[in-house]
1. Could you please state, rounded to a whole Å, how far the C-alpha centre of the range 83-101 is from the C-alpha centre of the range 222-255?
2. Could you check which residue among V191, V124, V176 shows the biggest mean-square fluctuation in a GNM of the chain with a 10 Å Cα cutoff?
3. Please find the FRET efficiency linking E103 to N133, where r is the Cβ-Cβ separation and R0 is fixed at 45 Å, and quote it to the nearest 0.05.
4. Among the DSSP beta bridges whose two residues both lie in the range 7-165, what percent are antiparallel, rounded to the nearest 5?
5. Whole number please: convex hull volume per residue of the Cα set in the chain, in Å³?
6. If you restrict to DSSP beta bridges whose two residues both lie in the chain, what percentage is antiparallel, to the nearest 5?
7. What is the range 172-292 by shape, rounded, prolate or oblate, if you read a ≥ b ≥ c off the alpha carbon gyration tensor as root eigenvalues and call it rounded for a/c under 1.5, prolate for a/b larger than b/c, and oblate otherwise?
8. Treating only the Cβ of Lys, Arg, Asp and Glu as charged (+1, +1, -1, -1), what charge dipole size does the chain show about its Cα centre? Round to the nearest 20 debye.
Amino acid sequence: MSDTPHVGFIGLGVMGSRMAATLARGGYGLDVFDVDPAKTRAAAAVGAVAAASARAVAERSDVVFTSLPWPATVREVYLGAGGVVEAASPGTILVDMSTVDPETTRAVHAAAAARGVHHLDAPVSGGYREAENGTLVIIVGGERDAFDRAKPVLEVLGASVHHAGPSGAGNIVKLVNNVMSMGNMLVAAEVFVLGVKAGMDPTTLFEILRTSAGRSYHFERRLPNILARNFAPGFTVDLARKDLGLAVDMARSHDVPVPATSLLHQLYNASSALGDGPNDFAAIVKLFESWARTEVRGA
């Protein structure tokens, strides 16, 4: 791989589009593809080359990034006929930034290794703002040598880049992190509704709690949107319940009881059933509002 590798990016959703643009601004030659042609064209408008397929991206790139929503999509893009693993040249580094189960990651890793291709699982912590600013936390599983070779490119996207261990380690850490994040948001939403129903002004309650010991990253970041009734998607309810389901499955495979995680999963399922699946996961507050017959709204 040259000192300045040619980079490909497949999957240009909320996160992928921002990460691709950040790589383009970082001076990398960049081919991009998404199944939605409009997203491919939008990425091309900020300095990338629009490719006709995922295979075409893999054929031209030294490092191929993917950001995909579901494990089945990851398997299809990487392992399907004409997929990324089949198209990549020996020595290519594949970097999957999707959040999937460790078993999917290891299946892709094994298929890539059989063809002399390197594969890293590199899920991220942070949202679209961090993707735009290149300040994500990136958690990487895979061989250390491949990680070291890919690290200069990863550092364009992340302010903190960690090698977590062998293949699958990145996604183990990411699933644990997401359970904590979804739990923090759910508890904050539940008790905030309680405080408002008990008589507190929502804005006053937020201003006090944001300086108190119970605050969290997601409380400080998402409660203002709840107060404004802005549930535009960053990380959606449906993605939250997908990741919680993967965590429950991982726990089952290791015989680890996770009653709190299982309850979280069911409550986000309920939020989706109310129609908030496409909305930001802060919309979990509506579930508690419906039970309390009240609404959190403030300045």
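Just so it is clear, none of the values below were taken in a lab; they were calculated from the coordinates. Note that the coordinates shown come from a computational prediction; the quantities given were computed from them, not determined experimentally. Note: ideal-geometry Cβ built from the backbone for every residue, glycine included; neighbour counts use all protein chains shown.
1. 26 Å
2. V191
3. Efficiency for this residue pair is about 0.85.
4. Antiparallel: roughly 10 percent of the beta bridges in the range 7-165.
5. 133 Å³
6. Approximately 15 percent, going by the DSSP bridge assignments.
7. prolate
8. Around 520 debye, computed over the chain.
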